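Here is the structure we will look at, set down as structure tokens.
The values are calculated or read from the model by the stated rules, or taken from the named source; none is laboratory data. Since we're looking at a predicted model, the values are computed, not measured. In this analysis, Cβ positions are derived from the backbone assuming ideal geometry, glycine residues included, and neighbour counts consider all displayed protein chains. Accessible surface areas use protein heavy atoms only, side chains included; no ligands, DNA or RNA. Shrake-Rupley method; radii C 1.70, N 1.55, O 1.52, S 1.80 Å.
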Amino acid sequence: MYCNVSVDNRIACGSSSSTHRQLKACRAEKGGSTISQSEQWSIQQCLFDSQNLATDNVSVIEGETATISCRVKNNDDSVIQLLNPNRQTIYFRDVRPLKDSRFQLVNFTDNELWVSLSNVSLSDEGRYVCQLYTDPPQEAYADITVLVPPGSPVIESREDVVSEGNETELTCIAMGSKPAASIRWMKGEEELTGETTAEEMYDRMFTVTSRVRFSVTKEDDGVPVDCIIDHPAAKDLLAQRHLEVLYKPEVKIVVTYPEGLTREGDNLDLTCIAEGKPRPHQIKWLRVDEDVPLHTVVTGSELYIENLNKSYNGTYRCVASNAVGEAYDDYVLYVYDAPTTIPTPTTNPVSTQDPRAGEGTPPKIDHAVIGGVVAVVMFAILCALIVLGRYFARHKGTYFTHEAKGADDAADADTAIINAEGGHNNSDEKKEYYI
């Protein structure tokens, strides 16, 4: 069968090389009755398909170049021409009757016609017709769609600065696009969900607006929020805004001295580190439930107490505040007893004193040096005693005084002295030893 009318009055046609033969066959099949216009259109459309007259729809960005093609698989020397949406002839074979120089011939053969259109504008959009001069003429349609990218997106904020815990709202606007653009939101690596509306302006141009709301924390300070535009005519189109979040201080107490346990007689040096936005405008020290010791020295963020004793035990608090709020950190002081004995070190200790410690820090005593000096002195004294003992042992003897020289022959002391001074009878027998 060459013609088959379906339920919806569409006609399925078989292929034929002649239009007239196809129409005659369809009329004969219908008993010679008149063919309706819709049936005739369906027959012609089937014939167009059988002739393989083909073209392609084209999407082109405004200002760029579009290429329209008319292709015929089996041509019996029929003429190919291209018409614009107003049915004006652009090209008849390889001749351009239209005076618009933006149309240029790219290629022409008996089976093909390729035409380029440069600097495309919105007015060029529409349905172009490839026509093959047969009986009846065959046509194929190419729709040109002109894409217009949106302008640079703009992010607007309800407030420039927001405090932690509060909600902020951002609005992104993409103007003058065709078709309407779509908008996505990203906060750092997190995707946000916004509310998007599209408003048609003129010439099927659209302005798209998207709003997003979310609560902020101090971790959001400085985080970028991106408004990303998705459009077939644009790539990598986005707007970015960095969040500015105010938050109350974060407070931490650091023990500068001592490094270990706090004992009686030691000094105590504390430093209060406070960071916030804006910067803390006030830092103060206090002792929970008690007064700070009288001789405590407070200099800004520093607290210094010297010569500790157990009466200073308690909780010391650093409080910092800014325009958003205040925060604090506590240090619990417990003073231990002073050490009663100092063990003798077996090795030379390595000094761990922080060179940045305050001027009031007492220097550490090197007990190894003192012990070495004492040992050397004791060794020297011992050596001296040994030398003196040996010397006296080698030079020992007897010593006689003048009285003793005549004492053996004299009856009394006076006689002995006279004998010692004048008498020499026993000089050979008396000997003297000197040391």
(request) Would you mind counting up the charge near ILE228? Only other residues with Cβ under 14 Å from its Cβ, with Lys and Arg at +1 and Asp and Glu at -1. (result) -2
(message) Need one value: the accessible area of LYS252 in square angstrom, 1.4 angstrom probe, rounded to the nearest 10.
(response) 130
(message) Per residue, how much accessible surface does the range 127-234 expose to a 1.4 Å probe? Answer in Å², no decimals.
(response) 49
(message) Under a crude label model (7 Å from the Cα following the beta-carbon direction), how far is VAL387 from VAL374 in nanometres?
(response) 2.5
(message) Explain nothing, just compute: Karplus ³J(HN,Hα) = 6.51 cos²θ - 1.76 cosθ + 1.60, θ = phi - 60°, for every residue of the range 321-331 in order, whole Hz, x for Gly and Pro.
(response) 9, 9, 5, 8, x, 9, 8, 8, 9, 10, 10
(message) If DNA, RNA and ligands are ignored and the probe is 1.4 Å, what is the ranking of TRP285, TRP114, TRP185 by accessible area, most exposed first?
(response) TRP114, TRP285, TRP185
(message) Students sometimes get this wrong: rank HIS231, HIS367 by accessible area, probe 1.4 Å, all chains present, largest first.
(response) HIS367, HIS231
(message) Run the count for the range 157-294, please: Lys pairs, Cα-Cα under 20 angstrom, 8 or more apart or on different chains.
(response) 10
(message) Please give the Cα centre distance for the range 132-194 versus the range 270-304, rounded to the nearest Å.
(response) 54
(message) Give me log10 I(q)/I(0) at q = 0.14, 0.20, 0.21 Å⁻¹ for the range 255-343, Debye formula, one equal scatterer per alpha-carbon, no solvent.
(response) -0.53, -0.93, -1.00
(request) Calculate, for ASP100 and SER157, the FRET efficiency according to 1/(1 + (r/R0)^6) with r their C-beta to C-beta distance and R0 35 Å; round to the nearest 0.05. (result) 0.15
(request) Could you work out how far apart the two model spin labels at THR299 and SER59 are, taking each label as a point 7 Å from the Cα in the direction of the beta carbon, and quote it in nm? (result) 7.1
(message) So for each of 270-277, 300-307, 85-92 I average, over its residues, the number of other beta carbons within 10 Å; can you give me the resulting order with the highest mean first?
(response) 270-277, 300-307, 85-92
(request) Would you grab the residues whose amide H sits under 5 Å from the one on VAL79? Only those 5+ places off in sequence or on another chain, please, with H modelled 1.01 Å from N. (result) TYR133
(request) Evaluate E = 1/(1 + (r/R0)^6) for ASN166 and THR89, where r is the Cβ-Cβ distance and R0 equals 60 Å; express this FRET efficiency to the nearest 0.05. (result) 0.35
(request) For ARG279 paired with ASP291, estimate the spin-label separation in nm (one decimal), with each label point 7 Å from Cα along the Cα-to-Cβ line. (result) 3.4
